[in-house]
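The values are calculated or read from the model by the stated rules, or taken from the named source; none is laboratory data. Just so it is clear, the model here is predicted, and its values are computed rather than measured. Here the Cβ positions follow ideal geometry from the backbone for every residue, glycine too, while neighbour counts run over all protein chains shown. Heavy atoms of the whole protein, side chains included, go into the accessibility calculation; ligands, DNA and RNA do not. Shrake-Rupley method; radii C 1.70, N 1.55, O 1.52, S 1.80 Å.
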Amino acid sequence: MTAVLEASIVEQLVAAIAPVLGEANVLTSKTARYSRARVPAPFPVHRWAERVPDLVVLPGSTEEVAHVVRVANEFGVPIVPRDGGTGLTDGAVPERRGIVVDVKRMNLIHEIDLENRTATVGVGISMLKLNEVLAQHGLIYPDNPASYPCSLVGGRIGTSGWSLIGSRYGHSRDLVLSFDMVTPTGDIIFVGDGGGRKISKSSSGYQLKHLFMGHQGTLGIATTATLKLYPKAEAEFSAFWAFDDYDVAYKAVGALARAGIATFAGAVLFDEKKVEYLRRDDEAYIPQPESVKALVCSVGYGNSDEVAAGGRRMMRIARDLGARYMGDEISQGDWASRHDRYATPVHGRTLSGQVALMSWHCEDAAINYTDLPAVTREWHAIVEKLRRKHDVFDDWGMFAYTSSDTGVDYLTEIDIGIWEEKLDDTTWAAFVDAKREIAAVSLKYGGSISACHGSCREGEVDLVPQELGGGYDVMLAVKRALDPNNIMNPGKYGLDRAYDNEGDRR
Amino acid sequence: MSEHHAHGTEPSSIELLPIELLPIDTAQASSDFVDEWRNAAYNCYSSGHKFCREVCPVMQVTRNETWTPTAFHANVVAMDKGELDIADIAEDYVNCTQCGACELRCPNTLMLGDFYRFRTRTVDLVKAVRTLAVDTGIHQPQWKTWNELTDARSHEPVLGEQPVGQDSVREWADGLDIPIGGDDILFVDCEAAFYRTSVPRAVAQILQMAGHEFGLMQEQWCCGGPAAEMGYRDQAMRFARHNLDNWKASGAKRILVLDPHDYISFTEDYPKYFGAEFDLEIVLVLEVVAEYIRSGALTPRVAIEKTITYHDPCRLNKRKGVWKEPREILRSIPGLTFNDVDHVTQWSYCSGGGGGLAIEKPELTALISGARIKKASELSVDTLVSACPWSERPLSAAGEPENIDVVDIHEMLAESLGITVGGSRGAR
Ligand SMILES: Cc1cc2nc3c(=O)[nH]c(=O)nc-3n(C[C@H](O)[C@H](O)[C@H](O)COP(=O)(O)OP(=O)(O)OC[C@H]3O[C@@H](n4cnc5c(N)ncnc54)[C@H](O)[C@@H]3O)c2cc1C
Ligand code: SF4
């Protein structure tokens with residue numbers, strides 16, 4: 001556990017930062033710091049105080065961010081970038097305390113280029129708010145995570161996020177064309193595909209954009225981003241089908257994803273446990289008879305004529321495999337509520353069926369289609385074992401979502417309910433072990449530990465060197481080269497090992 | 001730094017004491033508070049997803065995560081764990097207009113409302129924290145003065161230095177020949193009675209035109225709602241007691257309400273204070289008037305050639321689900337070009353005038369009303385119509401440089417009914 005900074009050092013930091021950011025944007029109150037110590041990922045409440053930052057700053061420009069980073073280097077104090085604070089791998093949690101750089105004030109729309117179809121924005125903006133403005137021009141920025149109303153563009157860059165309709169429009173890495181960022185030593189650089197701000201394909205130089213996305217704030221702070229825009233779809237197709245058998249549903253989702261339908265935006269497989277879980281949620285989900293063992297949902301977006309044709313083809317594929325269409329009301333209603341399905345606490349149950357206010361934990365591996373059934377089986381077994389041992393966990397079932405338009409791999413999600421209020425050191429340790437086991441299964445089947453959130457949390461993070469092989473050594477070398485003082489979000493991804501004792505000032 | 005602890009005289013002395021030396025009732029009151037709110041707090045804490053963030057009017061202009069429903073709930077968990085105390089958190093809870101948007105946007109309300117009868121209650125939580133603060137001697141300086149003056153004058157000091165009181169509370173009605181007492185009593189909130197007197201004048205004359213008999217109170221006091229919103233619950237209850245006794249003494253059966261804030265006080269606070277004793281019917285004038293238009297008892301005929309949009313007052317739209325009737329009324333007025341914005345989009349709109357924010361932090365209110373006016377000006381309107389006197393002062397101030405006039409819906413309807421309203425729209 002990192003010690004709290006001495007008051008005199010905090011005072012010096014404030015004195016160095018406040019003249020540039022303005023006093024109102026340098027926060028030291030307890031509540032300002034406590035509220036930025038957490039993200040939605042469950043963590044034992046009794047350990048909250050371990051991760052409370054010493055200081056919070058709210059910069060308003062790239063230059064202000066650079067100033068803060070330079071001050072942090074001077075004092076050898078950690079910096080933690082924070083945007084929406086919705087990340088699920090603890091990326092924005094100040095594990096070594098220090099200065100939280102909260103970039104939400106940087107939320108302006110600097111330019112909408114109607115001809116080249118781009119928007120340039122401050123990274124503190126939400127996709128939802130941006131799209132309210134773009135809608136006036138018939139355009140959309142289609143980065144659409146389930147956290148669409150609450151995650152922000154900077155966090156999408158920091159995590160290299162995954163979008164629900166990414167099979168049609170791509171994910172954050174495809175949709176963010178370029179950005180300005182502040183490096184760990186306080187320099188301001190620009191990264192994109194090559195040099196131009198609005199270039200979507202370049203072969204000039206190293207492809208730095210990929211490197212500076214998904215690093216969980218360990219390699220710098222993005223400040224202004226240029227995004228790729230699409231015409232707002234004229235039509236949406238969404239269909240839900242019920243199956244009596246998981247295996248048939250699995251076949252159907254594969255067939256839909258491989259069909260090469262141009263408007264296809266994603267397909268989702270709900271396993272038996274997930275259907276069972278949804279039966280607790282009578283409000284959001286029209287309950288299905290016990291005979292229903294699995295569900296598949298498939299969606300399409302685009303011009304009306306194309307969506308209609310694609311939709312007909314999807315209906316035929318599903319029907320030919322014996323799927324039961326669940327009707328327009330469920331299909332459209334359920335898809336429309338995809339961003340609101342997070343009234344999770346009351347759905348927690350202990351082994352005896354008692355309702356317990358549980359938090360949501362989500363594993364999010366990337367798994368090839370052919371390995372989905374095996375991974376599903378093995379993951380459920382791990383969670384079942386955990387539950388039997390400690391009655392503060394619950395298995396909320398699994399989803400598998402297509403990540404691409406060919407159906408090669410799926411974001412594979414198991415949702416685990418955790419009675420966070422009851423987490424003690426023993427149950428937390430058991431949970432961390434379970435997470436490590438879950439990650440090991442993903443790697444055993446040639447997958448990746450995380451398709452969306454990142455893999456920084458205790459447990460799975462131990463296996464990242466194994467997942468990346470020699471690539472992990474390159475990560476260490478890059479980190480050391482760019483962040484000589486280990487200032488940027490230290491403690492994440494085990495990157496401390498990039499430093500010898502002298503280099504690591506913490 | 002923006003976030004010092006509560007100022008004022010008492011708090012500084014209390015803050016310096018270690019927790020075990022706090023007056024016993026502070027510890028007791030805090031632990032009662034935590035007991036009451038623990039479950040609700042964990043319900044949010046264990047979600048923590050911040051779906052509520054972008055609809056919050058304060059968040060939109062400050063982008064400060066300290067002042068979000070997420071933090072407001074998490075602080076209670078931190079109190080439960082002994083990490084924070086009321087002195088640490090009190091000042092943050094100023095930053096809320098009690099508009100209710102976050103409650104509606106929370107998946108725990110959206111998805112559980114009907115089936116589990118569940119609702120996230122951030123507004124009540126904010127009120128409870130403010131009450132705990134006041135009860136334990138932590139005051140916000142402007143609120144303290146405001147409530148002291150209200151207590152002294154039986155009305156809110158809405159005219160600043162200029163006195164308000166019993167002798168002038170019915171001045172707005174000069175020349176309208178309204179009796180005292182009767183089955184139906186028209187209650188006029190402080191802002192309307194003293195500042196924007198054109199609103200009650202419009203309301204009274206519309207009702208008279210429809211043949212609706214009503215009277216005024218013998219001795220009207222402030223409804224007590226603002227005191228309750230700022231945490232001065234005992235004072236709020238004293239005021240409520242006076243008004244209830246006054247209504248009972250005159251044999252009133254129904255209270256006609258023109259102000260959404262009073263509507264909340266009478267439909268939510270008073271029943272909590274008085275239980276079964278509170279057996280009066282509370283009627284929103286807007287709903288009565290819409291019915292008169294439907295039935296043909298009132299027909300607006302004077303064309304008003306204006307391009308307008310409607311501001312859904314938070315307490316009507318977000319907290320009471322009243323959004324149809326105002327639109328019905330506006331659509332019945334000939335000549336208007338009505339660029340409407342649907343009521344769900346307006347969950348994220350607010351004037352910034354509510355919850356005492358304008359009193360303690362007028363600079364935030366100005367930012368919020370400025371943002372609301374900007375939305376209106378994007379629609380190329382010349383007039384923003386509201387239905388809440390408390391919103392009309394900040395919106396008018398923000399509208400002036402944008403050349404957007406702010407008109408109350410009752411004023412506009414009265415004009416279309418051929419009524420010469422009179423009174424003042426607040427310019428002094
Ligand atoms: C209900 C719910 C549903 C979710 N669904 C999805 C989903 O469908 N797909 C998905 O991908 N994720 C999902 N997530 C996870 C989360 O929303 C994403 O990881 C998101 O990208 C985080 O964005 P944020 O703005 O909240 O970032 P934060 O949580 O603030 O930060 C995330 C990481 O990025 C870093 N960071 C923040 N700002 C910057 C910056 N300016 N420059 C560099 N690094 C930065 C932080 O240090 C941290 O490591 C979900 C989360 C919730 C709560
Ligand atoms: S108030 Fe609701 S939406 Fe907001 S963080 Fe809490 S649970 Fe989530």
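Here are the numbers:
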read-out	value
A:Val20 vs. criteria open to solvent by less than 20 Å² (accessible area, probe 1.4 Å) and either outside any strand (DSSP E or B) or within 9 Å of chain B (Cβ to nearest Cβ) (or both)	no
Exclusive hit being within 21 Å of the chain's Cα centre (by Cα), more than 18 Å from A:His171 (Cα to Cα), within 16 Å of ligand 2 (Cβ to nearest atom) and touching a residue at least 24 places away in the same chain (Cβ under 8 Å), set A:Asp90, A:Asp102, A:Asp83	A:Asp83
First in region B:39-59 and at positive phi, second anywhere and away from ligand 1 (no atom under 12 Å from the Cβ) and hydrophobic (A, V, I, L, M, F, W, C), Cβ under 8 Å, 6 or more apart	B:Gly48/B:Ala74
Matching option when the condition is under 20 Å from B:Val322 (Cβ atoms) and not hydroxyl-bearing (Ser, Thr, Tyr), among B:Gly353, B:Gly370	B:Gly353
Condition met for B:Thr109 (open to solvent by less than 10 Å² (accessible area, probe 1.4 Å) and either within 14 Å of chain A (Cβ to nearest Cβ) or in contact (Cβ under 8 Å) with a residue 60 or more places away in the chain (or both))	no
Yes/no for B:Gly370 being open to solvent by 20 Å² or more (accessible area, probe 1.4 Å) and not in a helix (DSSP H, G or I)	no
From the options A:Gly205, A:Gly161, A:Gly217, A:Gly195, residue that is closer than 22 Å to A:Gly471 by Cβ and surrounded by fewer than 16 Cβ atoms within 10 Å (Cβ to Cβ)	A:Gly205
Single residue of region A:113-150 satisfying the filter (open to solvent by 30 Å² or more (accessible area, probe 1.4 Å) and among the charged types (D, E, K, R)) that is farthest from the chain's Cα centre (by Cα)	A:Glu115
Residues (facing chain A (nearest Cβ under 7 Å), surrounded by fewer than 22 Cβ atoms within 10 Å (Cβ to Cβ) and among the acidic types (Asp, Glu)) located in region B:74-98	B:Glu83, B:Asp88
Some residue of region A:427-445 being within 16 Å of ligand 2 (Cβ to nearest atom) and open to solvent by less than 60 Å² (accessible area, probe 1.4 Å)	no
Number of the condition not met by B:Val58 [criteria: (1) within 15 Å of ligand 2 (Cβ to nearest atom); (2) aliphatic (A, V, I, L, M); (3) open to solvent by 10 Å² or more (accessible area, probe 1.4 Å)]	(3)
Strands (runs of 3 or more DSSP E) contained in region A:211-302 and holding at least 3 residues more than 16 Å from ligand 1 (Cβ to nearest atom) and among the aromatic types (Phe, Trp, Tyr)	A:235-243
B:Thr365 vs. criteria open to solvent by 30 Å² or more (accessible area, probe 1.4 Å), in contact (Cβ under 8 Å) with a residue 24 or more places away in the chain and out of contact with any His (no Cβ under 6 Å at 6 or more places or on another chain)	no
Any chance B:Ala133 is over 30 Å from A:Gly60 (Cα atoms), more than 16 Å from ligand 1 (Cβ to nearest atom) and surrounded by 24 or more Cβ atoms within 10 Å (Cβ to Cβ)	yes
Selected residue (only one of B:Ser13, B:Ser31 is out of contact with any helix residue (DSSP H, G or I) (no Cβ under 8 Å at 6 or more places or on another chain), among the small types (Gly, Ala, Ser), more than 16 Å from ligand 2 (Cβ to nearest atom) and modelled with pLDDT of 95 or more)	B:Ser31
Any hit, region A:125-134, residues being touching a residue at least 24 places away in the same chain (Cβ under 8 Å), in a loop (DSSP other than H, G, I, E, B), more than 10 Å from chain B (Cβ to nearest Cβ) and more than 24 Å from A:Ala235 (Cβ to Cβ)	no
Condition met for A:Ser403 (surrounded by fewer than 21 Cβ atoms within 10 Å (Cβ to Cβ), touching a residue at least 12 places away in the same chain (Cβ under 8 Å) and within 21 Å of the chain's Cα centre (by Cα))	no
Hey, B:Leu316 at pLDDT 95 or above, assigned to a helix (DSSP H, G or I) and either in contact with a Ser or Thr (Cβ under 9 Å, 6 or more places away or on another chain) or in the same structural domain as B:Thr62 (by TED's automatic domain parsing) (or both) or not	no
Positions within region B:50-91 being of a type in the set (Asp, Glu), more than 16 Å from B:Val123 (Cα to Cα) and more than 16 Å from ligand 1 (Cβ to nearest atom), in sequence order	B:Asp80, B:Glu83, B:Asp85, B:Asp88
Residue within region B:401-415 that is of a type in the set (Gly, Ala, Ser) and either touching a residue at least 60 places away in the same chain (Cβ under 8 Å) or part of a loop (DSSP other than H, G, I, E, B) (or both) present	yes
All helices (runs of 4 or more DSSP H) inside region B:223-274 with 3 or more residues being aromatic (Phe, Trp, Tyr) and without any contact (Cβ under 8 Å) to a residue 60 or more places away in the chain	B:270-274
Filter result for A:Ile416 (touching a strand residue (DSSP E or B) at 6+ places or on another chain (Cβ under 6 Å) and under 26 Å from A:Ala267 (Cβ atoms))	yes
Residue match in region A:412-421 (condition: at pLDDT below 95 and either within 16 Å of ligand 2 (Cβ to nearest atom) or surrounded by fewer than 22 Cβ atoms within 10 Å (Cβ to Cβ) (or both))	yes
Test: residue in region B:95-112 that is within 16 Å of ligand 2 (Cβ to nearest atom), more than 15 Å from B:Lys318 (Cα to Cα), part of a helix (DSSP H, G or I) and touching a Leu at 6+ places or on another chain (Cβ under 6 Å)	no
